[in-house]
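Q: The structure's right below; bear with me while I get my questions together.
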Amino acid sequence: MRKNLILILLLASVNVLFAQQDKQFTLEELIPGGKDFYKYYPRISEQFQWNNNHLMQINGDSVFVINNLATPQKRTFLFRFADVKEGVNRISFVENAENIIRFYTRNGIGMYSTDKRQEIAFFSYPEESENYQLSPDNSFLAYTKANNLFIKDKNGNETAISSEENKGIVYGQSVHRNEFGINEGIFWSPDGEKLAFYRMDETMVEDYPLVDVSAREAKLKAIKYPMAGMTSHQVTIGVYDTKTGNTVYLKTGEPKDHYLTNVAWSPCGKFIYVAELNREQNRMKMNRYNAASGELDKTLFEEQHPKYVEPQHPVLFVKNNPNQFIWQSNRDGYNHLYLYDAGGKLLKQLTKGAWEVTDVIGFDEKGQNLYFASTNPTPMDRNIYRVNLKNGKMSSRFTQTQGMHTATISLSGRYLVDRYASHDNPGKIDLIDTENNKTVTLASAKNPFNGYNVPTVESGTLKAADGVTDLYYRFIKPFGFDPSKKYPVAIYVYGGPHSQMVQNRWRYGSGGWEMYMAQKGYLVFVMDNRGTSYRGFNFENVTHRHLGVEEAKDQMRGVEFLKSLPYVDAARMGIHGWSFGGFMTINMLLRHPDVFKVGVAGGPVTDWKYYEVMYGERYMDMPQENPEGYRESSLLDKAGNLKSRLLIIHGDEDGTVVPQNSLQFLNSCIKAGTHPDFFIYPGQEHNMIGHDRVHLHQQITRYFEDFM
């Protein structure tokens with residue numbers, strides 16, 4: 001009897017194991033917004049933050065301190081957020097400043113002193129406020145309400161920096177449509193006594209009509225959307241003095257039709273540095289302004305390029321040396337670090353080579369060495385290095401494991417907290433001793449697919465259309481792939497600037513939809529063509545003035561590779577992409593009408609004259625300057641080439657790629673006698689969010705299944 005019971009239990013466990021292995025994942029489990037998404041998303045619950053040279057571990061709502069980094073396994077409880085501030089049980093972000101831990105919640109920002117072991121302040125968010133910036137001395141919270149800017153002190157006293165009634169004039173928000181690395185509009189001085197801010201005047205820009213259909217009677221939801229070649233908004237930079245209550249504006253001069261980017265304060269708080277670009281975006285001046293008077297103090301240096309200049313990072317002053325700063329530039333063809341003195345004299349180029357600096361991590365305690373992440377030795381990875389500012393000598397890389405690494409540094413510069421993932425690693429956090437490269441794992445993510453049969457993901461390279469340049473791809477194959485069979489192919493494409501789809505991260509960066517399609521028996525192929533990022537300036541700007549042309553040539557190299565494989569069913573190839581990828585999807589169908597059976601294009605640009613000024617003019621120049629290039633890149637006059645089944649998807653409140661793009665393409669198809677399909681997501685903007693995102697991928701999949 002006992003033997004039979006053991007046999008029954010063994011058989012039951014084997015059946016459970018096979019049931020797990022054969023599981024078919026749903027889009028609810030694979031797509032953000034799905035009810036079971038986080039169940040199969042690799043996560044590390046712990047956060048690790050530096051507080052001077054002490055390492056803090058945040059686990060849920062509890063904070064622990066690791067005092068002895070030689071034995072990081074020993075951790076001492078410090079405090080719970082809920083004990084510091086009643087009702088706080090969910091933290092969205094934690095950062096450290098000297099001996100203070102700032103914790104960000106849905107309702108406000110709290111500060112906890114690690115010396116005094118107590119809360120020292122909590123700034124509640126006012127109703128209908130956003131864009132929060134806490135002053136470095138923790139004395140004020142700056143924020144916006146509607147189009148105006150305010151500050152609040154520790155006692156809750158609110159001061160209006162602006163009181164503009166005209167909604168076309170906006171204070172304290174990001175400007176220039178978040179191009180040039182701009183993602184905020186409020187900049188505190190180092191001592192917290194002055195506040196620099198953007199003022200954007202959009203009154204000269206025509207209202208662009210979007211419609212909110214959720215009301216009983218649909219309502220106009222107008223936005224300001226300056227299109228390429230048209231009148232753009234005008235930006236100035238104000239400086240508010242918290243001591244005097246006075247505001248001055250930097251005298252940035254004429255023409256007003258220019259871009260004020262990469263705002264930074266000098267360590268002394270007397271000067272503001274601004275990278276200013278002309279409307280053509282081919283000349284940049286690094287200007288220094290007197291923060292008290294607003295007067296231009298000096299133009300430190302200029303950068304020019306016949307195609308475009310695109311500063312992405314403010315000046316970074318050297319730690320303990322207010323007379324020197326770091327500037328990032330791709331002036332030699334790759335993004336590298338340059339050391340300047342405060343007067344604008346170039347002292348040396350700190351990094352050099354056919355690779356790019358992708359992130360600056362920080363200085364050591366004395367400010368003698370700077371740590372950074374880069375694409376050296378391969379753009380598939382990110383690795384951490386150190387460069388000495390005096391002699392320019394670069395260290396060997398500290399991250400010996402392949403993958404995508406990000407890091408934070410201790411005050412001394414001796415220790416790094418390194419978070420990374422790779423194709424076979426869902427995520428780890430290591431502590432690295434930079435003196436001896438000793439590495440200790442602090443935490444790691446579990447493989448959420450462990451025990452299941454899942455599609456395989458491979459990577460490789462192909463030659464671009466120029467016959468010389470390597471292009472990286474990932475290739476997803478169904479579990480149980482049989483090379484003697486024929487498989488349909490789904491190509492996912494983006495292909496535009498500021499993108500890199502294929503990286504050595506978890507499963508080579510493949511997303512849930514790709515896995516879902518592979519489960520359904522599709523091969524899925526993704527490749528980064530020329531025009532994308534992190535491969536050098538020439539790799540990116542080859543598409544200048546004729547977007548979609550060289551990219552399509554490179555993507556066809558991927559198609560040719562797929563067709564050469566005996567297990568690819570060349571008669572059943574489909575393509576899908578979003579935004580620039582939506583443009584590329586339709587672009588590929590029209591330039592190569594006999595290749596693809598199906599295409600699904602989301603939020604597509606269909607003519608670059610309908611896209612916004614900053615991005616459009618950088619990559620295409622103005623329509624009046626480049627009429628031939630705009631015609632070559634436009635999809636409208638090629639609508640008659642459509643032979644494939646095409647589904648276009650758009651959010652009806654899309655303020656990034658306005659729906660006019662899709663509607664004008666539909667109009668062109670009507671005139672040309674071609675027949676795409678169209679699907680609208682009411683109330684959604686450029687990217688579908690919430691559960692609509694699951695529905696979106698169901699819609700895409702259904703279209704492939706119905707017409708492949």
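Q: Can you compute the FRET efficiency between S124 and E164 using 1/(1 + (r/R0)^6), with r the Cβ-Cβ distance and R0 = 22 Å? Round to the nearest 0.05.
A: 0.35
Q: Right, another one. Between V440 and K116, how many nm apart are label points set 7 Å from Cα along the C-beta direction?
A: Going by the 7 Å Cα→Cβ label model, 3.2 nm.
Q: Give me the extension gain from E217 to T203: residue separation times 0.36 nm, minus the current Cα-Cα distance, reported in nm with one decimal.
A: The E217-T203 span can extend by a further 2.3 nm.
Q: Something else: To the nearest 0.05, what FRET efficiency results for R43 and D297 with a Förster distance of 41 Å applied to their C-beta separation?
A: Step by step, r from the Cβ atoms, then E = 0.25.
Q: Ranked highest first by the average count of other Cβ atoms within 10 Å around their residues, in what order do 569-582, 309-322, 160-173 fall?
A: Packing proxy ranking, top to bottom: 569-582, 309-322, 160-173.
Q: Just want to confirm a number: the relative contact order over the chain, from Cα pairs under 8 angstrom separated by 6+ residues, in percent.
A: Once normalised by length, the contact order is 9 percent.
Q: Then there is this: For the stretch 456-707, give me the percentage of DSSP beta bridges that are antiparallel, rounded to the nearest 5 percent.
A: 35 percent
Q: Sorted by average packing, counted as other Cβ atoms within 10 angstrom per residue and highest first, what order do 661-668, 482-489 take?
A: Top to bottom by mean Cβ count within 10 Å: 661-668, 482-489.
Q: Next question, about the same structure. Going by a ≥ b ≥ c, the root eigenvalues of the Cα gyration tensor, does the stretch 290-417 fall in the rounded group (a/c under 1.5), the prolate group (a/b larger than b/c) or the oblate group?
A: Oblate, since a/c reaches 1.5 and b/c is not below a/b.
Q: What percent do you get for the relative contact order of the stretch 456-707 when only Cα pairs under 8 Å and 6+ apart count?
A: About 17 percent, as a whole number.
Q: Ok, one more. Spelling out what I want: for every residue of the stretch 219-236, take phi, set θ = phi - 60°, compute 6.51 cos²θ - 1.76 cosθ + 1.60 (Karplus), and round to whole Hz; glycine and proline get x.
A: Karplus values, whole Hz, x for Gly and Pro: 10, 5, 10, 6, 10, 9, 9, x, 8, 3, x, 9, 5, 9, 6, 10, 10, 10.
Q: Pairs K23/K563; K609/K638; K285/K345: which are spaced more than 21 Å apart, C-alpha to C-alpha?
A: Long pairs (Cα-Cα over 21 Å): K23/K563.
Q: Is the stretch 412-563 rounded, prolate or oblate when judged by the Cα gyration tensor, a ≥ b ≥ c being the square roots of its eigenvalues, rounded requiring a/c under 1.5 and prolate requiring a/b larger than b/c?
A: Note, shape of the stretch 412-563 comes out oblate.
Q: Next up: Where a Cα-Cα gap under 29 Å defines reach, which lysines qualify for K74, not counting those fewer than 8 residues away within the same chain?
A: Result set, ordered by chain and number: K85, K116, K366, K428, K438, K446.
Q: Moving on. Explain nothing, just compute: Karplus ³J(HN,Hα) = 6.51 cos²θ - 1.76 cosθ + 1.60, θ = phi - 60°, for every residue of the stretch 362-376 in order, whole Hz, x for Gly and Pro.
A: x, 9, 7, 4, 8, x, 8, 10, 10, 9, 8, 9, 8, 8, 7
Q: Return T532, T461 ranked ascending by Cβ neighbour count within 10 Å, so the fewest neighbours appear first.
A: T461, T532
Q: A follow-up question, please. Under 18 Å between alpha carbons, and skipping anything fewer than 8 positions from K194 in its own chain: which lysines qualify?
A: K152, K154, K243, K251, K270
Q: Could you sort 637-644, 523-530 so that the peptide with the highest average Cβ count within 10 Å comes first and the rest follow in order?
A: 523-530, 637-644
Q: Summing -39500 (n - 2.57) over the DSSP H runs of n ≥ 4 in the chain and dividing by its residue number, what mean residue ellipticity at 222 nm do you reach, to the nearest 500 deg cm²/dmol?
A: The helix contribution divided over the chain gives -4500 deg cm²/dmol.
Q: Rounded if a/c is under 1.5, else prolate if a/b is larger than b/c, else oblate: which is the stretch 426-479, with a ≥ b ≥ c the root eigenvalues of its Cα gyration tensor?
A: Note, shape of the stretch 426-479 comes out oblate.
Q: Let me ask you something else. If you stretched the chain out fully between R279 and F77, how much longer would it get, using 0.36 nm times the residue separation minus the C-alpha to C-alpha distance?
A: The span from R279 to F77 would gain 67.3 nm if fully extended.
Q: Continuing with the same structure: Just checking my list [x] 81, 74, 60; [y] 85, 70, 44; [z] 112, 69, 41 against Cα extents along the principal axes in Å computed from this structure; which label fits?
A: Matching entry in [x] 81, 74, 60; [y] 85, 70, 44; [z] 112, 69, 41: [x].
Q: Kindly work out what percent of the DSSP beta bridges joining two residues of the chain are antiparallel, to the nearest 5.
A: Roughly 85 percent of the beta bridges in the chain run antiparallel, per DSSP.
Q: Quick one: what are the phi-derived ³J(HN,Hα) couplings along the stretch 351-359, Karplus 6.51/-1.76/1.60 with θ = phi - 60°, whole Hz, x for glycine and proline?
A: Coupling constants for the stretch 351-359: 10, 7, x, 7, 7, 10, 6, 10, 7 Hz.
Q: Can you give me the relative contact order of the stretch 126-311 as a percent, contacts being Cα pairs under 8 Å and 6 or more apart?
A: With pairs under 8 Å counted, the relative contact order is 13 percent.
Q: Which of the lysines could a cross-linker bridge to K219, judged by Cα under 20 Å and excluding same-chain residues fewer than eight apart?
A: Within the straight-line cut-off, K219 pairs with K167.
None of the figures in this text is laboratory data; all of them are computed from the coordinates on show. All figures in this text were calculated on a predicted structure; none of them were measured in a lab. Cβ coordinates were reconstructed from backbone atoms using ideal geometry, including for glycine residues, and neighbour counts include every protein chain displayed.
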